[in-house]
Amino acid sequence: MPLYLVVFMVTLTGAATLVLTQRWHGRYSLDTAFGVQNHHTEPTPRIGGVALVVGLSAAWLGASTDVRAVLGPMLLAGVPAFAFGLLEDVTKKISVTTRLLATMASGVAAWYITGVAMQNTGLAMLDTLLTFAPLAVMFTAFAVGGVANAVNIIDGFNGLASGAVAIMLTGLGLMAASLGDASLATVCFLIACCALGFGGVNWPFGHIFLGDGGAYLLGFLLAWVAVVLPMRNPQVNAFATLLVCAYPVLEVAFSVLRRRRRAGHHPGQADKAHLHHFLHRRLVCKMFPHSSAKLQNGLTSPLCWLFAALPAGWALAFAQNTALLALGFVLATLGYAAVYARLTQFRWCFSAWTLRPLPVVPKPNASP
């Protein structure tokens, strides 16, 4: 049986087992239906990251020596990100700052284990500064932590984060394969299979959630691949990997801007004003008014997957053209802004007012 299928099935089975055994661990693992960003209607296990770890372990065990050499350090370095995320899943007491620092610690650990830090950004002045190793490590840790937290932010609907990460990793894997980097390409596809295996239980009805542990782990792995690819293959512009990750990066950037402009909101404070929330309320709920809340939840994700697929496709097509990659990122930004403006202000023109959408007060025990 091909390793990709094995990894998919192991992850899917692990996730299904967690769902079937929730009566034993539910006291610690269940996520209630209450919360600022919650869209589910009943308590649900939020420890899907455990199934990912099982699938990734199977991937490492079944992989060839050269693939293990790439995947092993990534899994070891990802321990802080996963551990602190899982701790938040079961205790609900780990602060956002602590979790951000944990993901950054994973970036530092990855550098310590592999000796790789981001020093090939495509910007001559920045690359000169990054020849100073401590600065390169700090820059790498910040970038890795940012992307890992970005994936956690887009984890708002069934299948959204896992599907988006699978798409982005596939894009990076195809990029690596086109350059003859078979080992890194295989790692990308194996991690994507884990994400899809989890998605088989999570989407569309949300029987289990990634939780912070799963989201941070997937986010870290995605971010580290984005760092390693241009370092292993200097002919690839780092803008290509940035563009592949454009959707979660833009979500974070717009969220910070929006929250800073709204009175009484901290940039790290959760809300229901992300792009996926408005796609759900303004499009999916109106297009499928008679569908169940669970199905409406799941139907939101394919719309969001487009925001991951389009930039990734552009980056894959123009991986070595700096000008077109920059244009692609500008177009992705303008497209995101235009859609957000249309959904929030009913116009395609983005303005400062768009960053101050009316607050939405969730109704108790009701789907929005």
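Positive end of the charge dipole of the chain (Lys, Arg +1 and Asp, Glu -1 on Cβ, about the Cα centre): tell me which of 14, 162, 180 has its Cα farthest that way.
The residue sitting farthest along the positive end of the dipole is 162.
Quick check: from the Cα gyration tensor, does the chain come out rounded (a/c under 1.5), prolate or oblate?
Details: a/c = 1.57, a/b = 1.15, b/c = 1.36.
Note, shape of the chain comes out oblate.
Work out, step by step, the length gained on full extension between residue 91 and residue 65: first 0.36 nm times the residue separation, then minus their alpha carbon distance; give nm to one decimal. Working shown, then result.
On the way: separation 26, 0.36 × 26 = 9.36 nm, distance 3.77 nm.
That pair, residue 91 and residue 65, stretches by 5.6 nm at full extension.
Which one, 86, 207, 132, is farthest towards the positive end of the dipole of the chain when Lys and Arg carry +1 and Asp and Glu -1 on their Cβ?
Comparing the listed Cα positions along the dipole, 207 ranks first.
Based only on other Cβ atoms within 10 Å, what is the fewest-to-most ordering of 208, 113? Each step should come with its number before you reach the end.
Working: 208 26, 113 13.
Lowest to highest Cβ neighbour count: 113, 208.
I need the Debye-formula profile for segment 41-135: one equal scatterer per C-alpha, no solvent, reported as log10 I(q)/I(0) at q = 0.10, 0.15, 0.17 1/Å, two decimals.
One equal scatterer on each Cα of segment 41-135 leads to -0.39, -0.78, -0.91.
Would you calculate a helix-derived [θ] at 222 nm for the chain, using -39,500 (n - 2.57) for each DSSP H run of n ≥ 4 and dividing by the full residue count, to the nearest 500? Don't skip to the answer; put the middle values down first.
Working: 16 runs with 251 residues, N = 368.
Computed ellipticity for the chain at 222 nm equals -22500 deg cm²/dmol.
Among 349, 188, 285, 194, what is the fewest-to-most ranking by other Cβ atoms within 10 Å?
Numbers: 349 10, 188 28, 285 18, 194 33.
Listing 349, 188, 285, 194 from fewest to most nearby Cβ atoms yields 349, 285, 188, 194.
Decide, for segment 149-303, between rounded, prolate and oblate: order the square roots of the alpha carbon gyration tensor eigenvalues as a ≥ b ≥ c, take rounded if a/c falls under 1.5, and otherwise choose prolate if a/b is larger than b/c, else oblate. Please list the in-between numbers first.
Values: a/c = 2.28, a/b = 1.44, b/c = 1.59.
Oblate is the answer for segment 149-303, as a/c is 1.5 or above yet b/c matches or exceeds a/b.
With +1 on each Lys and Arg Cβ and -1 on each Asp and Glu Cβ, and nothing else charged, work out how big the dipole of segment 3-355 is about its Cα centre, in Debye to the nearest 20. Before the final figure, lay out the partial values.
Numbers: 20 positive and 11 negative charges, 221 e Å.
So the magnitude is around 1060 debye.
Just to confirm my numbers, what's the Cα centroid distance between segment 88-155 and segment 196-227 in Å?
18
Please find, in a Gaussian network model of the chain (springs between Cα atoms separated by less than 10 Å), the residue of 61, 316, 242 whose mean-square fluctuation is greatest.
Looking only at 61, 316, 242, the biggest GNM fluctuation is shown by 61.
Loop sites only, by DSSP: take the trypsin sites (Lys or Arg not before Pro) in the chain that have at most 13 other C-beta atoms within 10 Å and name the longest stretch containing none of them.
Working: sites that count: 92, 93, 347.
After excluding every exposed loop site, the longest remaining stretch is 94-346.
Helix check for the chain. Which DSSP H runs span at least 15 Å along their own axis by Cα, with a mean Kyte-Doolittle hydropathy no less than 0.0? Don't skip to the answer; put the middle values down first.
Details: long enough: 3-20 (25 Å, 2.24); 48-62 (22 Å, 1.74); 65-77 (18 Å, 1.12); 79-91 (17 Å, 1.19); 96-114 (27 Å, 0.99); 133-153 (30 Å, 1.59); 160-178 (27 Å, 1.75); 182-202 (29 Å, 1.83); 211-232 (31 Å, 1.29); 246-261 (22 Å, 0.09); 293-317 (38 Å, 0.83); 322-345 (34 Å, 1.30).
For the chain, where a helix must reach 15 Å along its axis and average at least 0.0, the hits are 3-20, 48-62, 65-77, 79-91, 96-114, 133-153, 160-178, 182-202, 211-232, 246-261, 293-317, 322-345.
No lab work stands behind these numbers, since they all come straight from the coordinates. The structure presented is a predicted model; accordingly, all values stated were derived computationally and were not measured. All Cβ positions, glycine included, derive from the backbone under ideal geometry; neighbour counts span all protein chains shown.
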